[in-house]
Structure formats: structure tokens, C-alpha cells
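Working notes, beginning with the structure itself.
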Amino acid sequence: MSPASTTNSTTHVTSSSIYPVPKLNKDRLNWLLWKSQTMMTILAKWLLCHLQGWVTAPVSLPRSTDGTQIFLHDGKTPAPATDVEKNEDEIETYFQREAMILQQLYATVAKSIHYQIQGLLTATATWDKICQLHKGKSEIVQVDTRKQLQELRCNDSDDVKAHLTNMIKL
């Protein structure tokens, strides 16, 4: 289940499966919108437990020193083929789900943010870093937007429709 991600350069929206998620702008003005839509997209894919760090990576079954034999987690009992296969499937599923989240995050952040998160190994660490980079920014944006709205004036000779359009753009 690999979602196809494409970016429309005119609207800066990344389509991921069903849900369009706006690209997180460099100026971070759309942080709250991006965060809520990204969370909803990840929740809809049943991956929120990975994003929140509730899931840990499964541990590979131990091998003999020469690598010819695989043991159960006790390190002594030879593992039946069904247990080996089950363990490998769990590991593969875990990393596929992590990759799906990372793909979603990488596709919707600016390059400057991408460079700061690219070395992180888990979806949780990546999400936490993005949130840390934006902590407090949303309040600053709200204060700035309120200030801009308060400074807007519509004189008697001005076009009311154009004035309202400017307000909506903020």
C-alpha cells in the first residue's frame, strides 16, 4: 500500500491517497492547518500509533555465531520456520508503516525542514522534530494576523468586495 504523491506546483497541495494535505510553507503560516490535516491523513491510514511512538520496532530473532541457525528470543531454542517467517513479517510491516509516514512528512515539508529531519530514523523522532521547529510559531502567526486585520481599513471610496477578499487571504 504505497500512496502516490504528486505535487501540484500552482496550489502546493500534495495528494496522498484520498486526502489532500497542503505543503508546509517556509513562512509556517499554515502550520496549524498542515498539522491537523497530516494527523488526520496518518490516522486514516491507521498509523497514528507509529507517529505517537506507541509501537516499537520488533527485534530480530537471534542467530548462531556462524549465522546458520536461528533461535527463539531465549537464544537457545531453535526457531521453527513459522516463527522465523512471522518475525520477518512483523519487522517488514513495521518498517513499511514507518516509511509511509516518513514519505508523507517528507513530501509535505519545505526543503529547509527536510534537511533538518532527513537523518532521523523513526516517524516519531521526525514528527517530534517538526513540532519542535514550529513550537510557539502558531501563536506568533495568530498575533501577527490579528494585527494585520486590525490595520486593514475600508474607506468609503474603497471596493468592499476587494477589502473582504484581502481579509480572507490573511
- prompt: Taking the range 57-69 as the region of interest, how many residues are surrounded by 15 or more Cβ atoms within 10 Å (Cβ to Cβ) and among the basic types (Lys, Arg)?
  reply: 0
field: Residues located in the range 70-111, provided they are part of a loop (DSSP other than H, G, I, E, B) and either open to solvent by 80 Å² or more (accessible area, probe 1.4 Å) or under 30 Å from VAL21 (Cα atoms) (or both)
entry: HIS73, ASP74, LYS76, THR108, VAL109, ALA110
- prompt: Any residue at all in the range 53-69 that is under 22 Å from HIS134 (Cβ atoms) and of a type in the set (Asp, Glu)?
  reply: no
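I'm trying to understand the selection: among the residues of the range 129-170, which are small (Gly, Ala, Ser), assigned to a helix (DSSP H, G or I) and either at pLDDT below 70 or under 30 Å from GLY119 (Cβ atoms) (or both)?
If the condition is that a residue be small (Gly, Ala, Ser), assigned to a helix (DSSP H, G or I) and either at pLDDT below 70 or under 30 Å from GLY119 (Cβ atoms) (or both), then SER138 is the only one that fits.
The values are calculated or read from the model by the stated rules, or taken from the named source; none is laboratory data. This one's a predicted model, so the numbers in the text were calculated from it and none came from an experiment. FYI the Cβ positions are ideal-geometry reconstructions off the backbone, even for glycines, and counts take in every protein chain you see. Keep in mind that these areas ignore ligands, DNA and RNA; they rest on the heavy atoms of the full protein, side chains included. Shrake-Rupley method; radii C 1.70, N 1.55, O 1.52, S 1.80 Å.
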